[in-house]
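Comments concern the structure below.
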Amino acid sequence: MTTTRPSSLVTVAACNLNQWALDFDGNVQRILESCRVAKENSASYRLGPELEICGYGCEDHFLECDTFDHCWESLIELLEMGATDGLMCDFGMPVLHCGVRYNCRVICRDRKLLLIRPKTALADNGNYREGRYFAAYSAPTHASSGIVERHLLPSTFLSKFGQRDVPFGLHHLHCADGTTVGCESCEELWTPRSSHVDLALRGVEIIGNGSGSHHELRKLYTRMELMISATRKCGGVYLYSNQRGCDGGRAYYDGCAMIVVNGRIVAQAPQFDVRDVNVVVATVDLDDVRSYRASNPSFGIQAARLASEERGGGGCGNGGLACDDVRLVWDPADAASFPNRNNWPKMTDECLSLKIVTPEEECCLGPACWLWDYLRRSGAAGFFLPLSGGADSSSVAAIVAVMCILVTKASREDPEGDVARECRRVCRKDEGNSLWVPSTPGEMANHVLHTTFMGTENSSGVTNSRAKRLADAIGSYHMSIKIDLMVKAALQVFQISTGHMPRFASRGGTMAEDLALQNIQARLRMVTAYLMAQLLPWVRGRAGFLLVLGSANVDEGLRGYMTKYDCSSADLNPIGAISKGDLKRMLVFLSKEYPGFDVLAEIANAPPTAELRPIDAATATAEAGHSQTDEEDMGMSYEELGHFGRLRKMYRCGPVSMFRKLVVTWSHLAPSEVAAKVKRFFYYYSVNRHKMTTITPAYHAEAYSPDDNRFDLRQFLYNTRWTRQFARIDDIVAQQPDSDNNKDKND
Ligand SMILES: Nc1ncnc2c1ncn2[C@@H]1O[C@H](COP(=O)(O)OP(=O)(O)OC[C@H]2O[C@@H]([n+]3cccc(C(=O)O)c3)[C@H](O)[C@@H]2O)[C@@H](O)[C@H]1O
Ligand SMILES: Nc1ncnc2c1ncn2[C@@H]1O[C@H](COP(=O)(O)OP(=O)(O)OP(=O)(O)O)[C@@H](O)[C@H]1O
Ligand SMILES: NC(=O)CC[C@H](N)C(=O)O
């Protein structure tokens, strides 16, 4: 008699889901769709994103019992609707266990819960606050005795599915066909002692990582490196699922579900997309994992040592749980299951090279997808953008244009699909059984984007023309108006009330008068923007309101080079966490990528100007069209601001350490000049920090974002003289060989 081993082929699926915090019904629908697609592709295992049932970004809603209750309701619904029939599903949801909140993976199959696995390392840096909502789990000491901790399920499980409780802890599953499955949750991959290491040493072959990881420029590369390195060292089939989209906040989760085998990427889902559900599937041979590990003696030594430690009583209770009625592999010999050879899952043996877009593309694709989710979920009829023809507001217009390109393409590919349906709803073309889809991105832009150049007597014709040409290229509903009447009226009210009329500095006024005259123009633009946003749909015979887009970039926020409550106060800002340098590169990229957008290159190359002071014909240049330029006004260049911003936030530098670094980086400058620049930066940063408290919610794009509300938590009332800090800088300058003091001494 011959005994043959069961087959070792298994088809696994990972997904990107556009979940929305607290949208329990919508989330269930998207999960169901991902399970359907996984099954359609013959998968026997499906991994979903972190906390997918309620949405990752519930934040303080995780403190509410309702959130936990609704998650159980959703899980019951998923089981009842057959999501797990014939498919092992690793779902993400919060679980209250013995009075403690945990961020958990819940593994189910055939309407039965097999394991609840709590997260052990919580994400608490940057935008993450998991420690506020959850406790990190560590295995209880009694687990070493082999006792498996159990979680008592809500009573409905007993009545509906005959199940009272489920193992709870850091276990993995041993299926009847010899396949082993385990999990590691998002941040655990990023920690020095990652869970996948011990899982691999215990022989676990399939490891699912359900994540809630948001986009930051250049971050995908780090994620990919972590997964490739993990499976190169440990072997294994590593699945990564991530949320994708705007789930109600400033972050954009950038999907990119992946399947990696022994250091090779075998499947990758899109990072930026307007579809709600993407599923990637791969058929892998677990024997490849077994032989990869077994062929590496040093892996064997460590695996044997761990096994002997655990046998020797140091066991941590993280053992395998037998699932005797679960089979994951498919067997070509089982002709009854797979009668038609053409329907067999395709073996995935090639190694894909990871698709990583350039930072310029990331800058427009991430915010474009985020804006689309926000627009369709807010119920608005479109956007209103004050378009100055400068680099910032033009970048925002270009991002909306990219949004229209993505949505138009997806709608035209499937006029009956979800994206087309949402597009019709937003464009107010959804009456009856309409299957309308925009014929071009420009047609869509004409429905959703409203742009206005709001000139004053201080504006130049050059910027007005750039705004008009860009609006024409994009197809937006554009107007060019003058707001001098409003400015004059406001100043007359002031004069009647006080008997004084302010003058610009160039006309004999003080700096206070000059600033007030600049700010009134800027603020009236904001008032006009909201009026337009409210009434333009009415003017066009449509229902609804428009969302006002802001366009202050990260450098302006950091330096405070903006008027509080002017056009920087809007409903949303897609570029608030992107630097001027990255934006200019994005504009140049778009001008090359899309025919007809060549005006963007001209805009990128023009010197930035606020156009709030009268034009001085003697100093105005043809490119700027104006004599007032940002960099001169600010007393620092955008490039210098980039350095200050990164050192302050990403390298956690106070004034003294920033000076110490820059004095080396800027070795072409005298230490005293570097000191003056650093002090000037910290002065303006601290004097204007209060502006960040009211700044418009912006797409989180960069690790150097100064967003006061979520990401860069600091005071907003400073002693702007920084006496101790600046004195230390002066001390260091005095010690430098080429300092002015020493020069005097040497002379
Ligand atoms: N510690 C503190 N905590 C809370 N609030 C504080 C505060 N200190 C001042 N304030 C408030 O902030 C006000 C000063 O800020 P703000 O009114 O913005 O005025 P301010 O910062 O003085 O002037 C705006 C600056 O932005 C420049 N700018 C450049 C480019 C474009 C634009 C534009 O708008 O288009 C503007 C403009 O040239 C000018 O230099 C004070 O009058 C006070 O109301
Ligand atoms: N003439 C104008 N018409 C319409 N909107 C304007 C005008 N001037 C300024 N704005 C709005 O106010 C915002 C801030 O103005 P500011 O002069 O600081 O421009 P900026 O930050 O350099 O941006 P941009 O590069 O778009 O000019 C602009 O991004 C734009 O949305
Ligand atoms: N949700 C998480 O655990 C995310 C953590 C991880 N550092 C990331 O950015 O992807």
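Between the helical axis of 391-413 and the longest alpha-carbon principal axis of the chain there is an angle of about 40 degrees. Overall, segment 635-747 carries a charge dipole of about 440 debye about its Cα centre when +1 sits on the Cβ of Lys and Arg and -1 on the Cβ of Asp and Glu, all other atoms neutral.
Taking amide H as placed 1.01 Å from N in the peptide plane, PHE383 has its amide H under 5 Å from the amide H of LEU449, HIS450, LEU547, each at least 5 places away in sequence or on another chain. Each Lys and Arg adds +1 at its Cβ and each Asp and Glu adds -1 at its Cβ; summed about the Cα centre, the chain shows a dipole of about 780 debye. Full extension of the chain between GLU309 and ALA516 yields a length gain of 67.2 nm, computed as 0.36 nm times the residue separation minus the alpha carbon distance. Rolled with a 1.4 Å probe across the full set of protein chains, the surface gives LYS691 an accessible area near 30 Å². Say each of SER637 and GLU40 gets a label point 7 Å from the Cα, pointing the same way as Cα to Cβ; how far apart are those two points in nm? Simple spin-label model gives 5.4 nm for this pair.
Set the bar at 26 Å for Cα to Cα. Now go through LYS488/LYS584; LYS580/LYS677; LYS649/LYS677; LYS580/LYS661; LYS355/LYS468 and name every pair that lies beyond it. Too far apart for the 26 Å limit: LYS488/LYS584; LYS355/LYS468. Against the main long axis of the alpha-carbon atoms of the chain, helix 24-40 sits at an angle near 50°. For segment 9-343, the square roots a ≥ b ≥ c of the C-alpha gyration tensor eigenvalues yield an a/c under 1.5, which makes the shape rounded. Take 51-57, 674-680 and order them by the average number of nearby Cβ atoms within 10 Å per residue, most first; the result is 51-57, 674-680. Heavy-atom accessible area, probed at 1.4 angstrom with all protein chains present, ranks HIS643, HIS214 as HIS643, HIS214, highest first. Highest mean first, the peptides 238-244, 472-478 sorted by other C-beta atoms within 10 Å per residue fall in the order 238-244, 472-478. Within the shell defined by Cβ-Cβ distances under 15 Å, the residues around HIS196 carry a net charge of +2, with Lys and Arg each +1 and Asp and Glu each -1. The phi torsions of segment 213-228, fed into the Karplus equation with coefficients 6.51, -1.76 and 1.60 and a -60° offset, translate into couplings of 10, 8, 6, 9, 3, 6, 7, 4, 4, 5, 4, 4, 4, 4, 6, 5 Hz, rounded to whole numbers, with Gly and Pro shown as x. Across the options THR180, ILE578, SER42, the greatest Cα extent toward the positive end of the charge dipole of the chain (unit charges at beta carbon of Lys, Arg, Asp, Glu) belongs to ILE578. Taking Cα centre as origin and charging only the Cβ of basic (Lys, Arg, +1) and acidic (Asp, Glu, -1) residues, the dipole magnitude of segment 520-600 rounds to 140 debye. The 3J(HN,Hα) values that the Karplus relation (6.51, -1.76, 1.60; θ = phi - 60°) gives for segment 267-275 are, in residue order, 7, 8, 8, x, 7, 10, 6, 9, 7 Hz. Gly and Pro appear as x.
Beta bridges from DSSP with both residues in the chain: antiparallel share about 50 percent, rounded to the nearest 5. Normalised by the number of residues in segment 9-343, the mean separation of alpha-carbon contacts (under 8 Å, six or more apart) gives a relative contact order of 23 percent. When the label point is put 7 Å from the Cα of TYR718 along its Cα-to-beta-carbon vector, which residues of segment 676-700 have a backbone N closer than 17 Å? Flagged as within label range: 676-695.
With R₀ set to 22 Å, the beta-carbon distance separating VAL539 from ASP598 gives a calculated FRET efficiency near 0.10.
Scanning residues 5 or more positions from HIS97 or on other chains, those with amide H under 5 Å from its amide H are TYR102, with H placed 1.01 Å from N in the peptide plane. Counting charges near VAL181 (Lys, Arg +1; Asp, Glu -1) among other residues having Cβ under 13 Å from its Cβ returns a value of +2.
With unit charges on the beta carbons (Lys and Arg positive, Asp and Glu negative) and the dipole taken about the Cα centre of the chain, which residue among ALA257, THR563, LEU669 sits farthest to the positive side? Toward the positive end, the furthest listed residue is LEU669.
Protein heavy-atom accessible surface, 1.4 Å probe, per residue over the chain: 41 Å².
The angle between the Cα long axis of helix 638-649 and the main principal axis of the chain comes to about 50°, on a 0 to 90 degree scale.
Measuring max minus min along each principal axis, the C-alpha atoms of the chain give extents of 104, 80, 47 Å (largest first). The alpha-carbon of LYS39 sits under 19 angstrom from the alpha-carbons of these lysines, leaving out residues fewer than 8 places away in its chain: LYS112, LYS346. Kindly identify segment 476-571 as rounded, prolate or oblate by the Cα gyration tensor criterion: order the square roots of the eigenvalues as a ≥ b ≥ c, call it rounded if a/c is under 1.5, otherwise compare a/b with b/c, prolate if a/b is larger, else oblate. Judged from the Cα gyration tensor, segment 476-571 comes out oblate (a/c at least 1.5, b/c at or above a/b). Candidate cross-link partners of LYS429 among the lysines, defined by an alpha-carbon separation under 25 Å and a same-chain spacing of 8 or more, comprise LYS409.
A simple rule links phi to the HN-Hα coupling: the Karplus curve 6.51 cos²θ - 1.76 cosθ + 1.60 with θ = phi - 60°, which for segment 198-206 gives 5, 4, 5, 5, 8, x, 6, 9, 10 Hz, with x for Gly and Pro. Shown for the chain: the carbon plus sulfur share of the solvent-accessible area, taken with all protein chains present and a 1.4 angstrom probe, equals 52%. Note on LEU531/GLN163: beta-carbon distance plugged into 1/(1 + (r/R0)^6) with R0 of 60 Å gives a FRET efficiency of 0.50.
The values are calculated or read from the model by the stated rules, or taken from the named source; none is laboratory data. All of these numbers come straight from a predicted model, not from anything done at the bench. Quick reminder, even Gly has a Cβ in these numbers, built from the backbone with ideal geometry, and neighbours come from all protein chains shown. Ligands, DNA and RNA are stripped out before the accessible areas are found, and what is left, the full protein with its side chains, is counted by its heavy atoms. Shrake-Rupley method; radii C 1.70, N 1.55, O 1.52, S 1.80 Å.
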